[in-house]
Structures are given as structure tokens and as C-alpha cells.
Amino acid sequence: MSINFKKFSPRPGIVNKQGRLPDPSELVCVEIPKIFDQCLIKRCLVYCEGPDTNTTDCELRSDPLIDPKRYIGSRDFNVKLISVDKIPIKGKPGFKKIVISYIISFYADYIDCNGVNKSELYEINRTDVIGKFYCPDSVAQISASYVPVIDAQDLDSNIIKLEMVAQALNGEIVEDENCDSVLDITLGYYIVVKCELIVQLLIPAYDYCPVPKEPCKEEPEEDPCEKFVRAPIPKFYPDQNLEPLFPDCDDNADENN
């Protein structure tokens, strides 16, 4: 079913297959970062002394802990790009060997023997090498100025960007060589490395984004007892893991055939 153009109100949303959009009202020139190349770094790291490898890291062990009892979990993962080295590849214009250094930080929570929740900060320094990455240099040089003009600055139109999803796969309280209690973390993460270049693109547009007509919704405070009364009665016992005593009728029919 096609869209009634007279009733169509341009707004952010999903374009379904049943309808079709009206013609745009204008073509506009916008300046945005465009992705020229991207690749994935996937690592599962455990603690190990010595130089870091693709599977081990010496910073996944905490400082000595006082009477730890149990590891709870990890939170607040963050990645920070420290440095980028771009080495041109001879005979392949625009392609470079990329060396990136970054820090992954997070907190690991645990309970001590007194029942007190405590946390330990981890900062994992990593370096990865991307052998072949299409990251061309910008032909034009960009300079931006703000009021006052003395704040004018040159901008790097070539951007290396990291996007990460990480989780602690395991946490284990062990004793180190000094008989101190420490927390070893197994870390798994995905990092997408992107090469972006600030460019001008000509794109179709409908109009400015509409101003919301409805005010921001407020979540009303609910009486906890009223919420409890409306809730269904919970299960008193867990589900049983039992096997049938007799075969199904369909199984008997198959055997007879």
C-alpha cells in the first residue's frame, strides 16, 4: 500500500517495504565523516606474566586484595585511543599499515569476608597492527575558526575511530607467588577500527527534523503495594527435568511402519 503523500509527515522512522517515500524536497550538501575502511579486532585474553600476546595480558591481575571472598562481576568498560602510526604501503596508494595503541579500562567488583562490596580498577594497555588498511589522505586541508578568530585551528580530516563491545568472561581469586590474594580476569572484547574522512556529500532531504509536539513523558511514581497486588502469583517450585515414562504415539506408529 503506497503512502498518501498529502498525509505524509517527514520524521525519523523505519521505511517499510509496503510503502514508498515521496520525492525529496531538496538536495543538500552536508559535511560528515565518511567511512573508507573498517576491520574487526576480536580478542579473548587471560592473565599471564611476560610480554603481551594475542591471548594473554600481564595487566589482567589485580593488586593484592584484603580478605576477598567472591568475585561478582565487571562493569563500566571503556576504550581510549592513545596513539596511531600510519605507514604507507609502497606501490598501493591510499593503503597503510596501521599501528594503534589503546587502553581498555573497567571495574571488577568483589565481596570481602566481611560482606562489604569492593571494586578494583583495571587498565589494559594494548597495541595492535593492521597490515593493510585503506586510509587515504585528504586532498584538501581543513581549517576552522570560531569567535574570536584567535581560536582558529587546523583540523585533521583523517580520523581513526575505535568502537568496542567488551565483557569479563570470568573472574577468579587466586594466590600469587607472594601468597597474596589477587583477582585474575578473563577479558573478551570486539573492537571495530574505522578510517573516516571528513567529506562533503550531496544527499536528498525533505526538510529540517520536526520539532516534537508532545512534551517529555514523566514516569509516575507507583505504590509498591499496588504493583505487588497486580503481579501474578510466582512459582513456588522450579521446573522439573523429567523424561516421559512411555513413548509417544507417533513413535509407536513409526516403529510399526
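Asp76: net charge of surrounding residues, Cβ under 14 Å, Lys/Arg +1, Asp/Glu -1, itself excluded?
-1
List, in order, the whole-Hz ³J(HN,Hα) value for each residue of the range 221-227 obtained from phi through the Karplus relation with A = 6.51, B = -1.76, C = 1.60 and θ = phi - 60°; use x for Gly and Pro.
In residue order, the calculated couplings are 6, 10, 5, x, 5, 5, 5 Hz.
What do you get when you divide the Cα radius of gyration of the range 37-137 by 2.2 N^0.38 Å, with N the number of residues?
It is 1.44.
In nanometres, what is the gap between the two model label sites at Thr127 and Leu169, each 7 Å from Cα along Cα-to-Cβ?
Calculated label separation equals 2.5 nm.
What pairs from Lys86/Lys132; Lys80/Lys132; Lys132/Lys161; Lys86/Lys194; Lys42/Lys69 go past 20 Å between their alpha carbons?
Lys80/Lys132; Lys42/Lys69
Taking only C-alpha pairs under 8 Å that are 6+ residues apart, what is the relative contact order of the range 31-205 in percent?
Averaging sequence separation for qualifying contacts and normalising by length gives 31 percent for the range 31-205.
Using the beta-carbon distance between Glu243 and Cys29 and R0 = 51 Å, what value does 1/(1 + (r/R0)^6) give for FRET efficiency, to the nearest 0.05?
That gives a FRET efficiency of 0.15.
If the cut-off is a Cα-Cα distance under 12 Å, which aspartates and glutamates reach Lys96, setting aside same-chain residues fewer than 8 apart in sequence?
Asp37, Asp85, Asp137
Given the Cα atoms of the range 31-205, and with Rh set as the inverse mean 1/r over their pairs in the Kirkwood sense, what is Rg to Rh to two decimals?
With Rh from the inverse mean 1/r over Cα pairs, Rg/Rh is 1.12.
How far is it, in nm, from the label point at Cys225 to the one at Leu162 when both lie 7 Å from their Cα along the line to the Cβ?
5.3 nm
Taking 0.36 nm per intervening residue step and subtracting the Cα-Cα distance, what contour gain separates Leu65 from Cys39 on full extension?
5.5 nm
What nm distance separates the two modelled labels at Leu21 and Lys213, each placed 7 Å from Cα along Cα→Cβ?
So the label points at Leu21 and Lys213 sit 2.1 nm apart.
What FRET efficiency comes out for Ser138 versus Asp176 if R0 is 51 angstrom and r is the Cβ-Cβ distance? Round to the nearest 0.05.
Efficiency at R0 = 51 Å is approximately 0.55.
Since every read-out is calculated from the coordinates, none of them should be taken as a lab result. Please read all numbers here as calculations on a predicted model, not as lab measurements. Using ideal geometry, Cβ is built from the backbone for each residue, glycine included, and neighbour counts are taken over all protein chains shown.
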